[in-house]
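Peer 1: Before I ask anything, here is the structure I am working with.
Laboratory data are not the source of any read-out in this text; all were calculated from the coordinates shown. All figures in this text were calculated on a predicted structure; none of them were measured in a lab. Glycine gets a Cβ as well: all are built from the backbone with ideal geometry, and neighbour counts include every protein chain shown.
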Amino acid sequence: MDTQTAVKDIPSGMEVTLGRVVLRVVALSPGIVRFRYAPNSTFGPDESFAVLKDSGFSTPEVKVIDKGPEVVAQTGELSLVVNKSSLAVTVYDAQGRLILMDRSDVPFTFTPEGFQTWKRMSEDEHFYGLGDKAVSEDRRQHGFSMWNTDAVMWEESTDPLYKSIPFFMSVKAGNAYGIFFDNTFRSNFQFGKFNDEYYSFGATGGKLNYYFINGPEPKKVVEQYSALIGRTPLPPLFTLGYQQCRWSYMSEARVREVTGEFRKRKIPADVIYFDIDYQEGWRVFTINRKTFPTFEQMVKDLGQTGWKTVLITDLHIAAIPGYKPYDEGVKNGYFVKNPDGTNFIGPVWPGPSAFPDFTRAEVRKWWGSLYADFVKMGVRGFWNDMNEPSVFYRADKTMPLDVVHSVEGRKTDHREIHNVVGLENVRATYEAVLALAPDVRPFVLTRAAYAGAQRYAATWTGDNQATWNHMRLSLPTVTGLGVSGYPFVGVDVGGFSGSPTPDLLTRWTALGTFLPIDRNHAAMGTRDREPWVDGPEHEAIRKKFIEERYRLLPYIYTSMEETSRTGIPLMRLMLLEYPDDPRMTLREAEGQYMFGNSLLVAPKVKEFVDGYDMLVPEGTWFDYWTGQRVELKEQDNKEMKGKLHLNPKLDEIPVFVRAGSIIPRQPLVQNTSETPNGPLELRVYPGPNCRGSIYADDGSSFGYKRGDFYRGQLSCESSGNSLKIAIAAGEGKYVPWWKSYSVVVVDSPKAPSSVAVNGEAIRDFHYDAKGKSVTFQVPFSRQASEAVVQY
Ligand code: MIG
């Protein structure tokens, strides 16, 4: 073997050659470094479906120092040391702390089947991410593949699932880094399943090409990773309301009945989905006129009663001559091809079908044109299912590996493209809908994804089941997606396959209130799932929680807007907020999560337990439902130090508020097109570093990008016997709906002696001795306002 080594300076990095292997180390920013390997000297074209062309990083000067047996590149934040005789990499931070170390004897292998790389793993290292893998939040002790699969009736541990998000975060003693392995081929990740000394990843083709993202704060890793691959844009407000789906509402009459029932019973809801049976013969972009005779009128009528219509539009196109999308696709050569140049045809819902080759811009544009009629009708969202792609009656459930795709002219096969079909499918749909209605925020829901799909579509965890364990799996799957840059996510509330017991559906509905997307869905042949189907007691509880979702919308929308700017997910791992609390990396922390900056949710997710313990993070906490301070019993019981025992009844879900929070809430509405009537409530939970914010805009246009939004920063500060609450001058030019604030200060020890608003004493305040809260009004103003409560 040729073992000549050479080192070359390149812009923002270095190139180290060992024999025929070339390693390029390039810093995108002082804390983000890309590692690329060419096993046979040449790198070839540099393409990515995920990484943004312009992530806005400012590339640093990198200093390269040749130290004989090793060469070091310094970015200012990191030292990257490459051993010249093995190309093993070691990463240190500016303080000289070891962060990452390749396995020194075999850092990587290249074989005809692909390649693999190994890195040292320490005993106290934990791994998070890789999207919605259905195991514990900590992915350690598990091994995974990435190969998008229609995993119908998946179970705990089923792998692979529908999505490939090859990003993970390592956390060790509170310090985090991330690795994004940007490879679309079938890949694998091993976190100590076979070996406790090394973790490993590799792929069956493509490039060994990954990005190292430094923390040390876990939040910083997620922020930087999401800057690299792009963030989820601010969704339209209605998508944060309650969503009702089922496979399928079979007729217009049934849709009118169900939606009418919600309004009659005053159960708030925003979205009604149409699954595959609204179509003629399951052919996409058609309407079954026998069962949906006045479809256009129905969409209009639904709109008038505050319903948004979302239609499923699968990617497969029935191979039936005379069916326009098929004829056009054939004529223009838009479909995925067999190696012999004929169109690949595979059976799916409509029978033998062809598949648009979404990796071509021309095809994406054409696909988009097919949405014109629906968009004109006022359909507000589209659901791209089956886009792994799923193909029936095949052992591999998908296309053969040798079908031909064309990436803007470059021909390649399914091995490279399979994992990005979903991404390219929703990219086409999103861009089309945006082009058809340029000032309306599109809503697209996808099942399959690759990193990057979060820019175009929300997602859900596919065909889960109506069991308690699946409700529990809602947590590690959604938080797993969130930490992987995919924040706008739901699960089928109630469970897709099978029929939930009334209690399970009620519990899951409560949990739905505290998920990023609150969507109830059910498989064909399972029982009805609408909130009222189990009698008045269950209905009342479910209604209460759906109503709470609507009251909490200002907080949820404000948090989603923050997510769109930072990438920090709405529903998040405890350790994102509490990296220095070592308990938050333990598996016992996995039954709880943070919802936004201030709320901690700890649902009951196991059926046969006599309660369970929640880990209480440092500081003071309040019960969200009662406003009462959480009292820990640790004096009486050492075992319970820092823990709270919970045993919620059927009509309860434990939610806590961090002291030092201000939570905006609104009066109840029946859907998001209704304007709330009354003041915006600001619930003040005094404590250190007391903060909150409120964001509002028209909820559907891109006006916010032109300054048409309202943002108010909120804060509070206690000193001696007084509490000061400040609402900073509003940013943006949007006029929000509220005319005043109703300020509710919880944890007020006694009745205030005075309350002053903007320097003037007011008499009109109310003290609730039992709830220990003070309530008073503050008029809305774009200028800064201030209130002082004196005890
Ligand atoms: O082969 O459209 O995951 O949500 O209801 C099943 C029918 C196809 C799978 C989706 C599910 C949807 C169903 N689809």
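Peer 1: In what sequence, highest mean first, do 16-25, 159-168 appear when ranked by Cβ atoms within 10 angstrom? Numbers along the way, then the final one.
Peer 2: Details: 16-25: 18.8, 159-168: 25.9.
My ranking of the peptides, most packed first, is 159-168, 16-25.
Peer 1: Each residue of region 461-473 in turn: what ³J(HN,Hα) in whole Hz from Karplus with 6.51, -1.76, 1.60 and θ = phi - 60°, glycine and Pro shown as x?
Peer 2: Once θ is set to phi - 60°, the couplings for region 461-473 become 8, x, 7, 7, 10, 7, 10, 4, 5, 6, 5, 4, 5 Hz.
Peer 1: While we're on this one: Just subtract the alpha-carbon distance of Asp66 and Ser104 from 0.36 nm times their residue separation and send over the number in nm, one decimal. Kindly include the intermediate steps, with their values, before the conclusion.
Peer 2: Values: separation 38, 0.36 × 38 = 13.68 nm, distance 1.90 nm.
Full extension of this stretch gives 11.8 nm more.
Peer 1: Going by average Cβ density within 10 Å per residue, which order do the peptides 284-292, 472-480, 373-381 take, highest to lowest? Before the final figure, lay out the partial values.
Peer 2: On the way: 284-292: 17.0, 472-480: 24.3, 373-381: 18.9.
Ranking the peptides 284-292, 472-480, 373-381 by packing returns 472-480, 373-381, 284-292.
Peer 1: Could you calculate the FRET efficiency of Ile320 with Lys705 from 1/(1 + (r/R0)^6), where r is the beta carbon distance between them and R0 is 41 Å, rounded to 0.05?
Peer 2: Values: r = 43 Å, r/R0 = 1.04.
Efficiency, rounded to the nearest 0.05: 0.45.
Peer 1: Then there is this: Once both labels are modelled 7 Å past Cα along the beta-carbon direction, what's the Ala769-Lys649 spacing in nm?
Peer 2: If labels sit at Ala769 and Lys649, their model points lie 2.6 nm apart.
Peer 1: Any chance you could tell me what percent of the C-alpha pair distances in the chain go past 53 Å? Write out the running numbers ahead of the final one.
Peer 2: Values: 40583 of 312445 pairs.
When all Cα pairs of the chain are counted, 13 percent exceed 53 Å.
Peer 1: Looking at the P(r) of region 621-677, how many percent of alpha-carbon pairs lie beyond 14 Å? Provide the component values of the computation, followed by the final result.
Peer 2: Details: 1108 of 1596 pairs.
Above the 14 Å cut-off, region 621-677 has 69 percent of its Cα pairs.
Peer 1: Over 23 Å between Cα atoms: which of Lys290/Lys397; Lys638/Lys772; Lys606/Lys638; Lys133/Lys219 fall into that group? Can you show the working numbers first?
Peer 2: Values: Lys290/Lys397 32 Å; Lys638/Lys772 29 Å; Lys606/Lys638 25 Å; Lys133/Lys219 20 Å.
Flagged as over cut-off: Lys290/Lys397; Lys638/Lys772; Lys606/Lys638.
Peer 1: I want to verify the translational diffusion coefficient of region 373-502 in µm²/s; compute it with Stokes-Einstein, Rh as the Kirkwood radius over Cα pairs, at 20 °C and 1.002 mPa s. Mind dumping the intermediate values first?
Peer 2: On the way: Rh = 16.4 Å.
Calculated translational D: 130 µm²/s.
Peer 1: Where the eigenvalues come from the Cα gyration tensor of region 455-538, what are the semi-axes √(5λ) of the equivalent ellipsoid, largest first, in whole Å? Mind dumping the intermediate values first?
Peer 2: Working: eigenvalues 105, 30, 25 Å².
Here the semi-axes work out to 23, 12, 11 Å.
Peer 1: Taking the Cα centre of the chain as the origin and placing charges on Cβ (Lys, Arg +1; Asp, Glu -1), which of Pro107, Pro268, Val440 is farthest toward the positive end of the dipole?
Peer 2: Val440
Peer 1: Return the Rg/Rh ratio of region 186-304 with Cα-based radii and a Kirkwood Rh. Before the final figure, lay out the partial values.
Peer 2: On the way: Rg = 23.5 Å, Rh = 19.4 Å.
A ratio of 1.21.
Peer 1: For the pair Thr342/Glu760, report the inter-label distance in nm, with labels modelled 7 Å from Cα in the Cβ direction.
Peer 2: 8.4 nm
Peer 1: Set the Förster distance to 25 Å, then compute FRET efficiency between Glu77 and Asp46 from the Cβ-Cβ distance, nearest 0.05.
Peer 2: Details: r = 24 Å, r/R0 = 0.96.
Approximately 0.55, to the nearest 0.05.
Peer 1: OK, next. Where the convex hull is taken over the Cα atoms of region 489-590, what is its projected area averaged over directions, in nm²? Spell out each step's value before the answer.
Peer 2: Working: hull surface 32.0 nm².
Result: 8.0 nm².
Peer 1: Are there cysteines in the chain with no second cysteine's Cβ under 4.7 Å away, and if so, which?
Peer 2: That list is Cys245.
Peer 1: How far, in nm, would the chain grow between Lys53 and Ser719 when pulled straight, counting 0.36 nm per residue and subtracting the alpha carbon separation?
Peer 2: Between Lys53 and Ser719, full extension yields an extra 234.8 nm.
Peer 1: Stick to the Cα atoms of region 51-189, pair each with every other, and give me the Kirkwood hydrodynamic radius in Å at one decimal. Please list the in-between numbers first.
Peer 2: Values: mean 1/r = 0.0578 Å⁻¹.
Result for region 51-189, one decimal place: 17.3 Å.
Peer 1: Right, here's the next one. Mind jotting down a quarter of the surface of the convex hull over the alpha carbons of region 62-140, in square nanometres, one decimal? Please report the intermediate quantities before stating the final value.
Peer 2: On the way: hull surface 30.5 nm².
The orientation-averaged projected area of the Cα hull of region 62-140 comes to 7.6 nm².
Peer 1: While we're looking at this one, here's another question. Residues with amide H under 5 Å of Glu280's amide H, sequence separation 5 or more or different chain, H placed in the peptide plane at 1.01 Å from N; which?
Peer 2: Thr286, Ile287, Asn288
Peer 1: Calculate the all-directions average of the projected area of region 407-464's alpha-carbon convex hull, and give it in nm². Can you show the working numbers first?
Peer 2: Working: hull surface 20.0 nm².
It is 5.0 nm².
Peer 1: Once the principal axes of the Cα atoms of region 601-653 are found, what is the range along each, listed largest first in whole angstroms?
Peer 2: In descending order, the Cα extents are 29, 25, 16 Å.
Peer 1: Which whole number of Å³ per residue matches the convex hull of the alpha-carbon atoms in region 647-696? Could you put the intermediate results ahead of the total?
Peer 2: Working: hull volume 5.5 nm³, N = 50.
Enclosed volume per residue, from the Cα hull, is 109 Å³.
Peer 1: So, one more: By how many nm would the segment from Asp413 to Glu786 lengthen if fully extended, with 0.36 nm per residue of separation less the alpha-carbon distance?
Peer 2: Contour length minus Cα-Cα distance gives 128.0 nm.
Peer 1: Quick check: from the Cα gyration tensor, does region 543-622 come out rounded (a/c under 1.5), prolate or oblate?
Peer 2: Values: a/c = 2.12, a/b = 1.19, b/c = 1.78.
Here region 543-622 falls in the oblate category.
Peer 1: Which whole-percent values make up P(r) of region 325-396 when all C-alpha to C-alpha distances are grouped in 5 Å steps starting at zero?
Peer 2: Computed distribution, short to long bins: 3, 14, 21, 24, 21, 11, 4, 2, 0.
Peer 1: Another question about this same structure. Gap in Å between the Cα centre of region 671-734 and the Cα centre of region 621-651?
Peer 2: Answer, in whole Å: 29.
Peer 1: Quick one: go through region 476-492 and flag any residue whose amide nitrogen is under 17 Å from the point 7 Å out along the Cα-to-Cβ line of Glu217.
Peer 2: Only 483 pass the distance filter.
Peer 1: Between Lys337 and residues 5 or more places away or on another chain, which pairs have amide H atoms under 5 Å apart, with H built 1.01 Å from N, and which residues are they?
Peer 2: Here the answer is Phe344, Val404, since their amide H atoms fall under 5 Å of that of Lys337.
Peer 1: Turning to a different aspect of this structure: Above 15 angstrom, tally the Cα pairs of region 204-252 and express them as a % of all pairs, no decimals. Mind showing how you got there, number by number?
Peer 2: Values: 827 of 1176 pairs.
Value for region 204-252: 70 percent of Cα pairs lie more than 15 Å apart.
Peer 1: Could you work out the local net charge near Val605, counting Lys and Arg as +1, Asp and Glu as -1, over the other residues with Cβ closer than 14 Å to its Cβ?
Peer 2: Working: positive: Arg472, Arg507, Arg587, Lys604, Lys606; negative: Glu137, Glu156, Asp503, Glu588, Glu590, Glu607, Asp613, Glu652.
Result for the local shell: -3.
Peer 1: Same structure, new question: Scan around Ile10 for amide H atoms under 5 Å from its own, H built in the peptide plane at 1.01 Å from N, and keep only partners 5 or more places away or cross-chain.
Peer 2: Those qualifying (amide H under 5 Å, at least 5 residues apart or on another chain) are Glu15.
Peer 1: Hey, another quick one. Can you figure out the FRET efficiency of Glu261 with Lys739, using R₀ = 35 Å and their beta-carbon distance, to the nearest 0.05?
Peer 2: The calculated FRET efficiency here is 0.55.
Peer 1: Using a 10 Å cut-off around each Cβ, can you sort Trp460, Trp349, Trp154 from fewest to most neighbouring Cβ atoms? All intermediate terms of the calculation are to be shown ahead of the outcome.
Peer 2: Numbers: Trp460 28, Trp349 19, Trp154 25.
Final ranking by Cβ density, sparse to dense: Trp349, Trp154, Trp460.
Peer 1: Show that you can apply the helix-only estimate: for the chain, add -39,500 (n - 2.57) for every DSSP H stretch of four or more residues, divide by all residues, and state [θ] at 222 nm to the nearest 500.
Peer 2: -5500 deg cm²/dmol
Peer 1: Right, something else. What is the sum of charges, Lys and Arg at +1 and Asp and Glu at -1, for the other residues whose Cβ falls under 10 Å from the Cβ of Pro554?
Peer 2: Numbers: positive: Arg551, Arg665; negative: Glu681.
So the environment of Pro554 carries a net charge of +1.
Peer 1: Size of region 114-242 along its principal axes in angstrom, Cα-based, largest extent first?
Peer 2: Here the Cα extents, ordered largest to smallest, are 48, 36, 28 Å.
Peer 1: Let me ask something else. First obtain the Kirkwood hydrodynamic radius of region 220-367 from its Cα pairs, then insert it into the Stokes-Einstein equation at 25 °C and 0.890 mPa s, and state the resulting D in µm² per second as a whole number.
Peer 2: 136 µm²/s
Peer 1: Now for a different question. Based on other C-beta atoms within 10 Å, arrange Asp327, Asp610, Asp697 from fewest to most.
Peer 2: On the way: Asp327 13, Asp610 6, Asp697 22.
Listed from fewest to most nearby Cβ atoms, that is Asp610, Asp327, Asp697.
Peer 1: So if I take the alpha carbon set of region 686-735, get Rg, then get Rh from the Kirkwood formula, what is the Rg over Rh ratio?
Peer 2: Values: Rg = 14.3 Å, Rh = 12.2 Å.
Answer for region 686-735: 1.16.
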